[in-house]
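Shown next, in structure tokens, is the structure this report addresses.
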Amino acid sequence: MLKKWWQDKTVYQIYPKSFCDSNGDGIGDLKGIISRLDMIKELGADMIWLSPIYCSPLADQGYDISDYYRIDPRFGTMEDMDELIAEGKKRGIGIIMDLVVNHCSDEHEWFKKACEDPDGKYGKFFYIETVKEGEKLPCNWRSYFGGSVWEKLPGHEDRYYLHVFHKKQPDLNWENPELRNEIYKMINWWLDKGLAGFRIDAIINIKKTLPFHDYPADRDDGMTDISNMLKEAEGIGEFLGEMRDRCFLPHDAFSAGEVFNVKDEQIPEFIGENGYFSTMFDFNANIYGRSSKGWYDCKIITPDAYRDCCFESQRKIGDAGFLSNIIENHDEPRGVSHYIPKEDLNDASKKLLATVSVMLRGIPFIYQGQELGMENIPINSIDEVDDISSRDEYEVALRAGKTPEEAIRIVSEFSRDNARTPYQWNSTENAGFTSGKPWLRVNPNYREINFENEEKDPDSVLSYYKKLLALRKNPNDRDTLIFGSLKPVWEDRPGIMAYERSSENQKILIAANFSREPQAIKPGSGYSKVLLNNLPELSENEGTITLGAYQAVILEI
Ligand code: TEU
Ligand code: CA
């Protein structure tokens, strides 16, 4: 049934800095990852996506790369990387790296050379514009991390360079074929080493509307959100198609695009049979309620809205391709804290969220710690926060008139640090993540929520994730769960999230009570088998099932 080798895979995302520290310097590393490969295998993952481990000043935690061909010594050596690939292979686990090519670091040698000679070869690797004293900047776009996208080029009074993220992340000029060649060469160099593929960072930003011009201001800073420019940008397909043809196709590599704002009619181009990418992430629920004003103006998602977001994406894609379904990643708060009402956060509701997400049509991506039910960390002061995005949003909230207490509450809700706290291995000091001082605080709940406790407990969130992922691989059910269509059921019933997955020979109902009130459901022609249940019992009377608080069941019907 498989048309592509990756269609039945589950991906486990590792944020290396926070996963497992092997040498006590407080920073997770490749050797640490290698030591945990068996656990990842047991969970049921088939591929590992590593957030960036290339040489980097870590201004944006590795998403600012100063050398694409070297491993940052903090994470290990190239030998460690080769060993990881080889040890992964032995266990049937493919390694995917993070491809960050919208921008590099201002400490990359290309940028240093561009500063020396902005009109020379390397100047053309970036977007550098001349702005004389008293003149207006080329455009009023606001960088994702705050402030203008234009920054003075070091050593030049009248030259500015573009950065849509942090000023230490200058954008690479994809219009320049010489730059594109360098990028493809680098991608192929890594794929030749035996990588299974890449997750492709922020890729939608590589096409700019040129020549640079303003868009209507959307805050009183006079600037405009990048998304206003992206809506108008045309022609990204030329770059993406070229990258596919020159790199991914010849290697039969897996590619997962971090794509926001794709237009509906472009879906087949992006992830269809011969798409630019194997798959792209579904961020519909993650971006729900976002405001261009900033985090302080964001709406909190409800369980019903979560359901509607998932179904909206599923409908849009249909069987045109495979989405990648996430609950969280390194840019998001912990999913269980975000999607489950605070007063209802418990193991049952955590397992429910896992069920409704993992059974969707598409590739499940599990972010480290998600399988333990790791939660947001309490944040009491901005001094405790590392993430540059959170620091900016704190200022934005203050400027909008919020008190420092309110601003901290807002940052706690959305901070990327929530997902970046060290992995909770056991109940010893620092959660067993390091024997030294962890680079970021450990969540104080590690004595209860940790791998060692959960591995022993057949009813833990971890044990439940193992069952869920195993179900996708079960020969009886896999064709339905991987290729089967998805049809929402009882969609207008508050607190219910349910859908049917069907193939020619089988129908599977996923039904969840995303609320505390009991809910009665009646699967039309009954059911033949309970494939999974997050609670010990299933209450049933004459064909009517009563789902208890946060009960989720998977039934063969
Ligand atoms: O993220 C791209 C992105 O557009 C957002 O998720 C962004 O990080 C978020 O809105 C900020 O709060 C990718 C990476 O996943 C992220 O970690 C990097 O910071 C970013 O690109 C720059 O490389
Ligand atoms: Ca280390």
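The values are calculated or read from the model by the stated rules, or taken from the named source; none is laboratory data. Small disclaimer: the values here were computed from a predicted structure and weren't measured. Note that each Cβ is placed from the backbone with ideal geometry, even for glycine, and that neighbours are counted across all protein chains shown. Just the protein is used for accessible areas: all its heavy atoms, side chains included, with ligands, DNA and RNA removed. Shrake-Rupley method; radii C 1.70, N 1.55, O 1.52, S 1.80 Å.
Brief remarks follow.
- For the range 509-527, a tally of residues being of a type in the set (Gly, Ala, Ser), more than 24 Å from Lys350 (Cα to Cα) and surrounded by 11 or more Cβ atoms within 10 Å (Cβ to Cβ) returns 2.
- The residue that is surrounded by the fewest Cβ atoms within 10 Å (Cβ to Cβ), among those in the range 342-368 that are in a loop (DSSP other than H, G, I, E, B) and in contact with a Ser or Thr (Cβ under 8 Å, 6 or more places away or on another chain), is Leu345.
- Note on the range 505-521: residues that are in a loop (DSSP other than H, G, I, E, B) and at pLDDT 95 or above amount to 6.
- Segments classed as helices (runs of 4 or more DSSP H), wholly inside the range 216-329, with at least 3 members that are within 20 Å of the chain's Cα centre (by Cα) and within 30 Å of Gln551 (Cα to Cα): 303-317
- Residues of the range 115-149 that turn out to be aromatic (Phe, Trp, Tyr), closer than 13 Å to His163 by Cβ and open to solvent by 30 Å² or more (accessible area, probe 1.4 Å), as a count: 1
- Test: residue in the range 401-409 that is within 16 Å of ligand 2 (Cβ to nearest atom), crowded, with 16+ Cβ neighbours inside 10 Å and outside any loop (DSSP other than H, G, I, E, B): no
- First in the range 480-491 and among the β-branched types (Val, Ile, Thr), second anywhere and open to solvent by 40 Å² or more (accessible area, probe 1.4 Å) and assigned to a strand (DSSP E or B), Cβ under 8 Å, 6 or more apart: Thr480/Lys507
- Under the condition of being among the aliphatic types (A, V, I, L, M) and within 10 Å of Ile382 (Cβ to Cβ), the residues counted in the range 398-413 number 4.
- Residues that are outside any helix (DSSP H, G or I), within 25 Å of Gly26 (Cβ to Cβ) and either without any contact (Cβ under 8 Å) to a residue 60 or more places away in the chain or among the aliphatic types (A, V, I, L, M) (or both) within the range 72-99 comprise Asp72, Pro73, Arg74, Phe75, Gly76, Thr77, Ile95, Met97, listed in sequence order.
- Filter result (away from ligand 1 (no atom under 14 Å from the Cβ) and either open to solvent by 40 Å² or more (accessible area, probe 1.4 Å) or touching a helix residue (DSSP H, G or I) at 6+ places or on another chain (Cβ under 6 Å) (or both)) within the range 94-114: Ile95, Glu107, Glu109, Trp110, Lys112, Lys113, Ala114
- Among the residues of the range 5-60, those identified as near ligand 2 (Cβ under 10 Å from one of its atoms) and either at pLDDT below 95 or part of a helix (DSSP H, G or I) (or both) are Pro16, Lys17, Leu30, Lys31, Gly32.
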